[in-house]
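Following: one structure in structure tokens, then a few remarks.
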Amino acid sequence: MDKFYIEASKSSPEVLYDPEEKTLSIQGESYPENSFTFYKPIFELAKNAIDENNGFNLIIKVTYLNTSSTKSIMNLLDIIDESYQKGNDISVKWYYEEDNEHSYELALDFKEYLELPFDIININ
């Protein structure tokens with residue numbers, strides 16, 4: 001599997017998958033016009049990375065998610081959580097800034113819903 005990269009825009013995050021590091025990172029703000037269209041290739045990438053590598057590490061450093069992006073991230077987390085429950089090696093690291101309570105609370109909600117290893121890390 002090759003590296004995968006989407007450059008950040010005003011309304012969408014940077015996305016990078018590094019197959020050597022087995023890491024998928026999503027960074028920035030996420031409020032694209034159609035979040036499902038934006039995240040659909042990322043869902044496919046996650047499924048392929050799991051199949052090829054028996055898992056990966058997901059790193060999320062988002063400062064803002066609109067409602068539809070939150071649903072898309074939840075879809076991504078559902079995909080990888082299901083795979084984790086089947087024995088694949090998957091973990092999530094969610095980074096947030098101390099003054100961004102929304103990101104922190106969102107991470108707590110996701111963590112409570114999932115079974116996979118999920119670390120919430122303050123970057124301040």
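Its residues counted as N, the stretch 4-122 yields a C-alpha radius of gyration over 2.2 N^0.38 Å of 0.97. Cross-linked pairs LYS10/LYS111; LYS10/LYS93; LYS22/LYS86; LYS47/LYS71: Cα-Cα separations exceed 21 Å for LYS10/LYS111; LYS10/LYS93.
Only the coordinates and a few stated rules stand behind these numbers; no lab work does. Owing to the predicted nature of the structure, the values given are computational and were not obtained by experimental measurement.
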